[in-house]
Structures are given as structure tokens and as C-alpha cells.
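Student: Just dropping this structure here.
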Amino acid sequence: MARTSVLPSSSALSDIAPHLLLLLCLAGFFAGFVDAIAGGGGLITVPAMLIAGIPPLQTLGTNKVQSVFGAASATIAYARKGHVNLREQLPMAVMAAMGGALGAALATIVPGDVLRAIMPVLLIAIALYFAFKPNLNDLDTHRRITPFVFGMTFVPLIGLYDGVFGPGTGSFFMLSFVTLAGFGMLKATAHTKLLNLGSNIGALVVFASFGATLWMVGLMMGLCQFLGAQVGSRLAMRTGAKLIKPLLVTVCIAFTIKLLSDPTNPLRLWSLAMAFDYLPGN
């Protein structure tokens, strides 16, 4: 989903019909709820903004505005209960922000078709891992990489991906924390929200500098997402892996279906072309 230019603002708060504003508010709340537990809030908010008539590039920039609110809300809730130490994890959040900013800056030259083709495969792999991996719970396990190496490599790389493309960032952070850092599901979720906050802020700074944000729409949705994230994070802390694991798998599958339902998705076009080649007479 490469972005090549900044479109002039054609959608302001006053231009959006009241029933669409209500849709955006509900989408923001539900996205905050889901994102605080398993990630994937953009699966809800991006289509909602497109339906409301907001241009694609401004949809992506505005989505970062309201995503900051949701990630911040969930981070605060998890930190208050001691699931993430903000001071200790601040350097990683900074690295995520740097990655997000660089990703947003590179968005105009990165071939978006490559990412759109790879994403469904990666998301299905993540869904299968969390669905069938035994002993996935809220207990920490063996750490395979030091925090310093993790913070200097995987964190900025995933943050960069968030700035370039976005969908699935939370799932990638979750997978990295569980498999490499040895975190339990709830702890991984809490730390994912902090790093997602960092990458969102980094990308937002760049999008805003190009004028690709509708601030009133983003702030309105952001307030709703803040409230939804409070509800979702508290529910996740009560139920832990029993809720996080199935919802994460569901979000990954939903993302995959959404990506493959796009008639222009390169992987779908390639599959159709291969099938056509094997038809009799071709």
C-alpha cells in the first residue's frame, strides 16, 4: 500500500454525515477494545473511514491519530497494574518510534504490492502458531535473545513496517515477545501496546508533516478508542491468555480474509493467473 502523494483535504468533520460520524465513533470504540487485547484495530477503523468518504492517504494518516489514543490508553491501564515498566521499556519505545517514522518516510518508495502479497502468508503463519503452540499461557518462558539485541533489531524493524504498511503490527510484536523474549501472553500484550504507541507516534509525526491527517476526525475517534481500550485492557487483565490467544488468532484470520478479498491483491491475482494457466486449452 505505497503512498505516492498527499491529496488535498476533501473531507472535514462538517462534510461527514451525522450517521457516518456515529459509525466512526463506534468503530473507534470497538477498535480500541479489540486492539487492547489482540491488536488489529486498523482492520475496523480504516474501512470505516474509507466508507465515510475520507481519501485513502488521509485515512492512513488520520488512523495514526486515533491509534495513538488507543495505544496510550491500553499502555496506561497495563502499566497501572504493573504489567509493563514504562521507565525500563522507554528505550524500546523510542526505537519503535524511530522505526515508525522511517517507515512512514519510506512509504512513497517501498513497493506496496510486495507487502500486500506477503502479509496473508505471514498472518496465517502467526495464527497457526498461536492456535496450535502448546503451553501458551501467562507465564514467562526461556528468553532466546537479550533485551538489548531485541530492542536494537526486531523492535525498530517492526516499527518500520508499521510506518510503511501497518496491518498486523501488533501480531508481529506479540509473536516476537512470546517466541524471542519469552514473555507470557498478558505481559507480551502489555509491552506490545507500549511499542505500538511508539511506532504510531513516529509515523504520525511524518504523516502530519505532509498534511495527511484530519485532526478533528482523528481526535473524535481517538477519544472513543481511548474508552474502548480501557474496557478491553481491563478485560484482558482479568482473563489473560484465555481471551488473548483466541482473539489474536481470530484477528489474524480476519486480516488475511480482508487482504485476500481485495481484487487487486497481488497474491490473489497470481493465484488466479496460475489457475488459468492450468485450465485445459491454455
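Student: Pick from G40, G53, G82: which is of a type outside the set (K, R) and open to solvent by less than 20 Å² (accessible area, probe 1.4 Å)?
Tutor: Answer to the check: G40.
Student: Another question about this same structure. Can you tell which of A36, A93 is over 23 Å from G211 (Cα atoms), part of a helix (DSSP H, G or I), among the small types (G, A, S) and modelled with pLDDT under 90?
Tutor: A36
Student: Based on what the data block shows, is I109 modelled with pLDDT under 80 and assigned to a helix (DSSP H, G or I)?
Tutor: The answer is no for I109.
Student: Which of the residues belonging to the range 179-190 are open to solvent by 10 Å² or more (accessible area, probe 1.4 Å) and assigned to a helix (DSSP H, G or I)?
Tutor: Taking the range 179-190 and keeping what is open to solvent by 10 Å² or more (accessible area, probe 1.4 Å), we get 179-181, 183, 186-187.
Of everything in the range 179-190, those that are open to solvent by 10 Å² or more (accessible area, probe 1.4 Å) and assigned to a helix (DSSP H, G or I) turn out to be T179, L186, K187.
Student: Can you tell me which of D140, D162 is modelled with pLDDT under 75, out of contact with any His (no Cβ under 9 Å at 6 or more places or on another chain) and either at positive phi or of a type in the set (D, E, K, R) (or both)?
Tutor: Only one candidate passes the filter, namely D140.
Student: Checking G222 against (1) open to solvent by 10 Å² or more (accessible area, probe 1.4 Å); (2) small (G, A, S); (3) under 18 Å from the mean Cα position of the chain (by Cα), which test does it fail?
Tutor: All conditions pass for G222, except number (1).
Student: Residues being hydroxyl-bearing (S, T, Y), surrounded by fewer than 19 Cβ atoms within 10 Å (Cβ to Cβ) and over 15 Å from the mean Cα position of the chain (by Cα): count how many of those fall in the range 225-255.
Tutor: Total meeting the criteria: 1.
The values are calculated or read from the model by the stated rules, or taken from the named source; none is laboratory data. Note that the structure is predicted; figures quoted are calculated from it, not measured. Virtual Cβ from ideal backbone geometry, glycine too; neighbours counted across all protein chains shown. Just so you know, the surface numbers come from the protein's heavy atoms only, side chains and all, with ligands and any DNA or RNA stripped out. Shrake-Rupley method; radii C 1.70, N 1.55, O 1.52, S 1.80 Å.
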